[in-house]
1. In this structure, does A:Gly128 turn out to be more than 16 Å from ligand 2 (Cβ to nearest atom) and in contact (Cβ under 8 Å) with a residue 12 or more places away in the chain?
2. So which of A:Thr60, A:Thr75 is at pLDDT 95 or above, within 14 Å of chain B (Cβ to nearest Cβ) and within 12 Å of the chain's Cα centre (by Cα)?
3. Collect the residues in region B:82-98 that are of a type in the set (Ser, Thr, Tyr) and either more than 10 Å from chain A (Cβ to nearest Cβ) or surrounded by fewer than 24 Cβ atoms within 10 Å (Cβ to Cβ) (or both), keeping them in residue-number order.
4. Run down A:Arg35, A:Arg85 and say which single residue is away from chain B (no Cβ under 12 Å), of a type in the set (Lys, Arg), open to solvent by 10 Å² or more (accessible area, probe 1.4 Å) and farther than 25 Å from A:Val246 by Cα.
5. Kindly evaluate A:Gly119 against the criterion of being away from ligand 2 (no atom under 16 Å from the Cβ), out of contact with any helix residue (DSSP H, G or I) (no Cβ under 7 Å at 6 or more places or on another chain) and of a type outside the set (Val, Ile, Thr).
6. On the basis of being hydroxyl-bearing (Ser, Thr, Tyr), more than 14 Å from chain B (Cβ to nearest Cβ) and within 12 Å of ligand 1 (Cβ to nearest atom), does A:Thr191 make the cut?
7. Would you pick out the residues in region B:132-148 that are open to solvent by less than 40 Å² (accessible area, probe 1.4 Å), under 13 Å from the mean Cα position of the chain (by Cα) and not β-branched (Val, Ile, Thr)?
Amino acid sequence: MAKKKPESKNSDNSDAELNRELLHSMLLQRRFEERTAEAYALGKIGGFCHLYIGQEAVSTGSISLLRPDDYIITTYRDHGQALARGMTPRAVMSELFGRVDGCAHGKGGSMHMFDKSLGFLGGHGIVGAHVPLGTGVGFAIKYRGGDQVCVCFMGESVVNTGAFHEALNMAGLWKLPVVYVIENNRYGMGTSLERASAIHDIYERGAAYNMPRAQCDGQDVFAVRAAVQEAIDRARTESTPTLLEVRTYRFMGHSMSDAVSGTYRSKAELDEYMKRDPIALLRMHMHEQNQLTDEDLQKMDEEIKAVCQDAWDFADASPEPPLEALYEDVYVDTTSDAITEPVAAN
Amino acid sequence: MPVITYRDALNRALREEMQRDDRVFLMGEEVAVYQGAYKVSKGLLQEFGEMRVVDTPITELGFAGVGVGAAMVGLRPIIEFMTWNFGVLALDQVLNSAAKLLYMSGGQFNIPIVFRGPNGAALQLSAQHSQAFESWLAHIPGVKVVTPGTPYDALGLLKAAIRDDNPVCFLEGEMLYNTKGEVPDEEYVIPLGKADLKREGSDCSIITSGKMALLAMTVADQLAKENIHIDVVDLRTVRPMDVEAIKTSVEKTNRAVVLEEGWEICGIGTQVVDYIQRECFDSLDAPVVRVHQADVPMPYAKNLERAAKPDAAKTIAAVKKVMYL
Ligand SMILES: Cc1ncc(C[n+]2csc(CCOP(=O)(O)OP(=O)(O)O)c2C)c(N)n1
Ligand SMILES: [Mg+2]
C-alpha cells in the first residue's frame, strides 16, 4: 500500500523546454482569470464564478501528464483545468460571457465547461456529485479493456459527502483506473477543513477503501507531477485507483461574491500562503537553473496577455445564443436505432 | 400467441438488448448472483458474465452516478433500483447529472441510460415502501418516464428505453411481475411517447397509465354490463405525454376521468387536466374528475391501505359523477 509522500524528481525539473510549457500553462490560467475578475466586475460575466488563482500548479502538474485519450472531470472551479487541458481561451471566455462561441454555446457558464474532443467531462456544480461520474468513467475504461485513466478533481469539502464515500468504495472494490485528486485549499467556502472533517490528513480516508493514497505539496508543480505520475502509472498498468491529497491554497475569495479575506481567514494567513505562489516558485527555480531570463519571462507574459485580450475581444464580439437554442439540447432527437411500431427481428 | 409474465417479458427485453449491443450492461443491488430482488435478471449473469451484470453495494447515489459517468463515455447502462423508493437516494444523479448534461454541455454529452425498478404500492408495505414516483420524475425536462402495465408493453417499451439516447426512468409495477399476458415470439419495439387505447368506448374516457390501466380495464368491463362504454387511454409514457391521444379520446366521449396511483397534489393528473382544459374545453360536457391515492403516507393496516388506494369503486363513482348518473 503506497502511503508515502512523493518527493520532487530532479530528472523532471531540469528539463528546460518542459518547464517553459508548465510555466506557460500556469501563467495563462493566472492572466486569464485576472481578466475574468475584471470582466465580472464590469458585468460581462454573471452568476457564480469561482477563480482558481493560487492553485495552478495542481491543474498544470496533473494535466500535463495525461494522454489525449484520457479523461478529466472536475467541479465548478474549472477554468484553470479547462485551459490546462487545451481549451482555447476564446472558447472559455465566450462561455463565461454567455455567448454562442462558448465551449457549451453559452448554456453552461463558469461552472460548466465541457469539451468532448478533449475528454473534458465537465465542471459540475453539486458538491460531490461528479465523483461517482468519474468513477463510472473508470468503470467504462475497464469495461472496454482500455488503458486510459480518468482524473477526478475535487475540493477537500467533497470528502464529507456521501457521494464521495460511495464512489470511492466502489472504485476500491472494483479496482478502477481513476486518480482522485483532492485540491485541499483548506476551506469550503468559509468552513475550514478542521471544522468540517473528523480527520485532517484526509488522504488517510483512502484506507477505508483499500486505496493507495498520498499527500503532496500543491504549490510545487514538480511535487504534483511526481505524485500524479505515480498514480497514473498505477491506474494505467494495474487498474488501481489512488486518492491523492494535494495541499494548496486559494488566493481569492470562494467566489466573486466573497471577499479575499474576512470572517473565516485573516489577511495575515493569506499573506503567509501567498509567499508560496506556485508560479513564482517555478519561475525562481527556472532562474536558478538558468532556464529563464527576465526577458524571456516578460516576452511570455506579454504574449499571454495578448492572448487573453484576444479572448476577451472575441467573446465580446461573439453573438448571444439564438433564442431557438432555448429549447435545443434538452433531448437528443435521434435514437441509436430506428424504433418503429412492431418491427420484425433483423 | 404465447402467454408470459411481466417479469419474463422484462427479462427477455434485457437479454435481447444485451445480446444485440455489447455496450449495454445491467448494474444494481442483487442483480447478478441473487438473480434480482424480483428475479427480473434471472440467468443474465450466467449468460453475460460479471462485467455486464454487476452487483453493487447498497449505494444508490453512487451506482446511479457510475452509470451516468459510463454513459458519458459511450456505454449504455441499465441501472436497477431495488425499488424506486430507494431510487430517490439517487435522485440527484437523475435530476442534476443525467437530465442536465446534454443541455449544460451545449449538446456534447447525451446520456443513454435507463434507470429502472419497481414503483408504486404492493400490499401492506406501509409508508416508506409504497410510493409512486411518476410525477416526481416527469417534472424534469431531460428525462423520459415510462410506465408499462402489461407484459406486451413491458417488453416493447423496455427495448425502446434501452435504445433511446436519452435518460429514461422506467417504472415497473411492483404488483405486476407475476401478471400474465400475450407476447409474440417475434421481436418488436414500442416507441416511447405513444399512448395505447386499451378499451374503446364512447361514453367516458379514463386517462391513465401503467398499472392503473389494468384497473381502468376492470372498471370498463364492469361498466359495460351497465351499458356504459369507456375509452381507456393508457399513456404508457408519461413524459413525453401523448397529448394527441388524450384529445382524440376526450373529443369523442366529451367526459374524462383521470386515474393515477400517486398523490393528488401536483400529480400526473394535474398535467392531464390542464391539457384537457386548454385543448378540449369546448368538448367537455362535465368537469374532469381525478382518482388518486389519498393525500396521506400509505398506512399499514389492511383496511386503511385499501381506503388510501385508488380502486374500482372509486373509479366507477368518478365515471358516474362525470356522467351525472
Ligand atoms: C451539495 C452542495 N451543497 C452545497 C453547495 C454550495 N457550495 C458550493 S461550493 C461549496 C464549498 C465547496 O468547497 P470545496 O469542496 O473545498 O471546494 P473549493 O470551493 O474550495 O474549491 C459549497 C458549500 C453545493 N454546490 N452543493
Ligand atoms: Mg476547498
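1. no
2. Only one candidate passes the filter, namely A:Thr75.
3. Hit for region B:82-98 is B:Thr83, nothing else.
4. A:Arg35
5. For A:Gly119, the condition - away from ligand 2 (no atom under 16 Å from the Cβ), out of contact with any helix residue (DSSP H, G or I) (no Cβ under 7 Å at 6 or more places or on another chain) and of a type outside the set (Val, Ile, Thr) - is met.
6. Here the answer is yes, as A:Thr191 does meet what is asked.
7. Listed by number, the residues that qualify are B:Ala132, B:Phe133, B:Glu134, B:Ser135, B:Leu137, B:Ala138, B:Lys144, B:Pro148.
Quick grid of which residues meet (1) within 13 Å of ligand 2 (Cβ to nearest atom); (2) part of a helix (DSSP H, G or I); (3) more than 11 Å from every other protein chain (Cβ to nearest Cβ):
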residue: A:Gly146; (1), (2), (3): no, no, no
residue: A:Ser157; (1), (2), (3): yes, yes, yes
residue: A:Arg205; (1), (2), (3): no, yes, yes
residue: A:Ala226; (1), (2), (3): no, yes, yes
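The values are calculated or read from the model by the stated rules, or taken from the named source; none is laboratory data. The structure presented is a predicted model; accordingly, all values stated were derived computationally and were not measured. Note that we place each Cβ from the backbone using ideal geometry, even for glycine, and neighbour counts take in every protein chain shown. We work out accessible area using only protein heavy atoms, side chains counted, and drop any ligands, DNA or RNA first. Shrake-Rupley method; radii C 1.70, N 1.55, O 1.52, S 1.80 Å.
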